[in-house]
Structures are given as C-alpha cells and as structure tokens.
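Worksheet: one structure, shown below.
The values are calculated or read from the model by the stated rules, or taken from the named source; none is laboratory data. Please read these numbers as outputs of a predicted model, since none were measured by experiment. Ideal geometry is used to build each Cβ from the backbone, glycine not excepted, and the neighbour counts take in all protein chains shown. Each accessible area value is taken on the protein alone, full model and side chains, heavy atoms only, with ligands, DNA and RNA left out. Shrake-Rupley method; radii C 1.70, N 1.55, O 1.52, S 1.80 Å.
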Amino acid sequence: MSGGEVCVIGTGMHPWGKWGRPFTEYGAVAARAALADAGTGPGEVDFVSGAATVRGGYPGFVAGAVFARALGWRGQQVASSYAACASGAQAIAAARARLLAGLSDTALVVGADSAPKGFLAPLGGDRPDDPDWLRFRLLGAANPLYFALAARRRMELYGARPEDFAAVKAKNAAHGSANPRARYRARTTPEEVLASPVVADPLHLLDVCATSDGGAALVLVRAEDARRRGAGPVRVSGLSAAVPAYPVAEPEMPYLAGDPPRRGDGGRDAGAPRFRAANAHAAYEEAGVGPEDLDLAEVYDLSTAMELDWYEEIGLCPRGGAEKLLHEGATRVGGRIPVNPGGGLASFGEAVPAQGIAQVCEIADQLRGRAEAGRRVEGARVGIAVNQGLFGHGSATVLTR
C-alpha cells in the first residue's frame, strides 16, 4: 500500500492499577505521554478518536469529546467508538480511515477505563432484551464462567490440563516482571497458580485476569508525514474488526456464540476460519504477511486457557498444538514467537477500552527497540495484536517495520 499507510509516531500509557480516579485522568496522562513521544502538541492534532467506556456514564460514551476537552479542546474533529474489548481497535480504525481519506493529518487515539472491584457487570436498570443484563439476572453468569466453559472445551478436545494453564500465567508473569507499566510485577510459579482458590472450575484465581484502571494512547500520521518527521516508520499494515460470519454454536460472551465448527476429523474443528481466526486472517492479508512472518504477538488472555486458544487462532500452530508450543518455550521472550512479552492481561488486568490500544503500544515499542531488557524481542519487525469481547466483537491489528 505504498503511499497509503498510517504510522505510529507516538505511544503513551497510564500505569494499570486501581487508582479510584475518573477515566478521563488516565486518558489525559496517556495522551500527553504519546504527544511528547511524537514530539508534537495538542495544537497539531486535528482528530481525536476516543475508545468509549460505559462505566464513565454519559462522558464515557462520548469519550472523544471528553478527551479533547481534557487536553484543551481546539475545534478538533472527534469520534467515539464502543465495541467492548475491541473498542480500542475500532478507535484506531476510525483514525486510520480519516487519515487515509486525507480529512485529517494528525490523529490522537485514546482509551481509558475506571473499572469496578470484582466482576465487570452490565449497566444498571431493567433491560430484559439485553443479553448481557440477562446473563447476570437469570444465570448468574459472570465472565469467569465463560472462561471456564472455554477451558473445559479445550480439555475435552485437546487434552489440556490445569498444569498447562498455570504455565501460561508463569510465563506472562515473568514477562510482566520486567514491565514498569504492569500492575502485577511479581513472578509466579505454576504451583502458586494451582494453589490459588478455584474461581470457576477448572480455573484458579491466578488463571483469570483482574479488572483494572488504566489508559493508553497513540499518535498516528500518514507514512509520508512520518518520514518527513524523521520518525522510523511503524506501520499499521493490517486491521480487521469483523463480526462472526455465521450463526454461532460455541460458548462466547454473552451469547452461547461463535462461528459453528465443521465436523470432519473425528470430532475436532476443521474447515473455514472461525471468528477469531478470520479476523487475524484478514489483517494478515491486508498487511501482506502470514503467521510465519511474526516476531511477536499480543493476545487477549482473559484467562490462561484462552491464551492457548489464541496460539491456534492466529496460526502459530495447528489446533491442539498450543500446549506443545508453550512447553517448548517458543512463546517466551527468547523463543521462536514470544506471546504477550508485555505481560498480557495476566500482568495488567483488564481496562476494556484501553486494552486494544495498549496492545498496539506494546508492539510499536517492541518494533522500535524500546522495550525493557528482560522482555525485549530483539530485531522485531512484525507483530499482531488480537482480542475478543462481548456481542461478537473482536479485532486483529498487524504492525510492521
């Protein structure tokens, strides 16, 4: 896409934690850090793309304007995107489209969240036509139940064990211990994971990500403008945020949902790419790369078992091969294809609208050679960030250098 690419020239984050302050503060800190990194000021920004948070009330739904105001609004064009865990990716997509259309020259993408203690719950009020509301009121089905169903499915299909899930947490905790932005920086052993309380069998407390406050931001410009600034180009080379192609037949939040598997190999999944794989596929195709070209990946480890599913969905190994890939050390920093070198949600927790942007920040910093020792992926040139959330939302973003 010569002459038609968008580049990341600035990244910024507010540390993840439980700070008890408005989401706007976290987003403004992240935005100022990204602007400083890009060597630009708010006055140069002509488009603010906000990833929205339902937990911020009305201001959360109009996050683009709220962030513009917090930075001292200057008549910028704004947009707000809400797509559950894919909100950040959709905010990036909106900014990229506007830049490539020539309607804006410098875009600021911001996402932030102030999360509750405990589970992420639906909005208040009576909404009997809202599946997210119904799952809590009728089933008592908080997110860890879905994570546990997916883990059980993996155990049934591929023989996964709780020890495999615990090894994922230990790997990500080791990566996060070297990341100053992470909320949890203590190394964790598989034995400690297995000794923690069971939340939803077979998942233990340390298998499940926390809810967190946090913020992340990016500054994007067209490739020719990045070159003019002398910035080493980190290109957003592929991005997909598609919904499933078919009615669904697997447990996915909050529907019992996901693309239906084809049956043709003794009961295991085969055939066309499913929802998560299809998003990765589309991003690879747009970027002109494949999974064999990846140097690193940031995947949405809402639970440790889900990370193993992602290895297969993005093409790192055949179905049923994730455990082998993990235990070979391939997905550790220093291995063939490091996964979650930033520490993942295991080390950060989940700040929903910020997460997709934070994943891109991590990959961009890795491609620029700026990650800290202990988690740096040396010579990285291609990375993918993927996630999935409520109501069939998901995304895949490929960055190249």
Hey, if you put +1 on the Cβ of every Lys and Arg and -1 on every Asp and Glu Cβ in the chain, which of Phe136, Pro116, Phe275 ends up farthest toward the positive end of that dipole?
-> Pro116
Once a ≥ b ≥ c are taken as the square roots of the eigenvalues of the Cα gyration tensor of region 306-401, is the result rounded (a/c under 1.5), prolate (a/b larger than b/c) or oblate (a/b not larger than b/c)?
-> oblate
Two-site FRET efficiency, Leu157 against Arg74, from Cβ-Cβ distance with R₀ of 45 Å, rounded to 0.05 | 0.25
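Roll a 1.4 Å probe over the protein chains and send me the accessible area per residue for the chain in Å².
Values: 15180 Å² over 401 residues.
Computed with neighbouring chains in place, this is 38 Å² per residue.
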Using a 1.4 angstrom probe and counting only protein chains, how large is the accessible area of Thr189 in Å², to 10?
-> 60 Å²
Sort region 115-207 into rounded, prolate or oblate with this rule: let a ≥ b ≥ c be the square roots of the eigenvalues of the Cα gyration tensor; rounded if a/c is under 1.5, and if a/c is not under 1.5, prolate when a/b is larger than b/c, oblate otherwise.
-> oblate
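Could you order Asp46, Asp365 so the one with the most accessible surface comes first? Probe is 1.4 Å. List each step's numbers first, then the result.
Values: Asp46 50, Asp365 10 Å².
Most to least solvent-accessible, the answer reads Asp46, Asp365.
Where a ≥ b ≥ c are the square roots of the eigenvalues of the C-alpha gyration tensor, would you call region 62-129 rounded, which needs a/c under 1.5, or, failing that, prolate if a/b is larger than b/c, or oblate? Walk me through the intermediate numbers first.
On the way: a/c = 2.46, a/b = 1.89, b/c = 1.30.
Because a/c hits 1.5 or more and a/b exceeds b/c, region 62-129 counts as prolate.
Can you tell me the equivalent ellipsoid semi-axes for the chain? Use √(5λ) from the Cα gyration tensor, largest first, whole Å. The partial results should precede the final answer.
Working: eigenvalues 190, 113, 85 Å².
Output for the chain: semi-axes of 31, 24, 21 Å.
Report the local net charge at Trp133: Lys and Arg +1, Asp and Glu -1, summed over other residues whose C-beta lies under 13 Å from its C-beta. Could the numbers behind the result be given before it?
Details: positive: Arg127, Arg135, Arg137; negative: Asp126, Asp129, Asp130, Asp132.
Residues near Trp133 contribute -1 overall.
Please report the relative contact order for the chain, taking Cα pairs under 8 Å with a sequence separation of at least 6, and give it as a percent rounded to a whole number. Show your work: numbers first, answer last.
Numbers: 979 pairs, mean separation 97.0, N = 401.
Answer for the chain is 24 percent.
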Using a Förster distance of 22 Å, how high is the FRET efficiency between Arg227 and Leu100, based on the Cβ-Cβ distance and rounded to 0.05?
-> 0.90
Tally up the carbon and sulfur contribution to the accessible surface of region 1-154 as a whole percent, 1.4 Å probe, everything protein left in place.
-> 58 percent
For Phe391 and Lys18, what is the calculated FRET efficiency with R₀ set at 30 Å and r taken between the beta-carbons, to the nearest 0.05?
-> 0.70
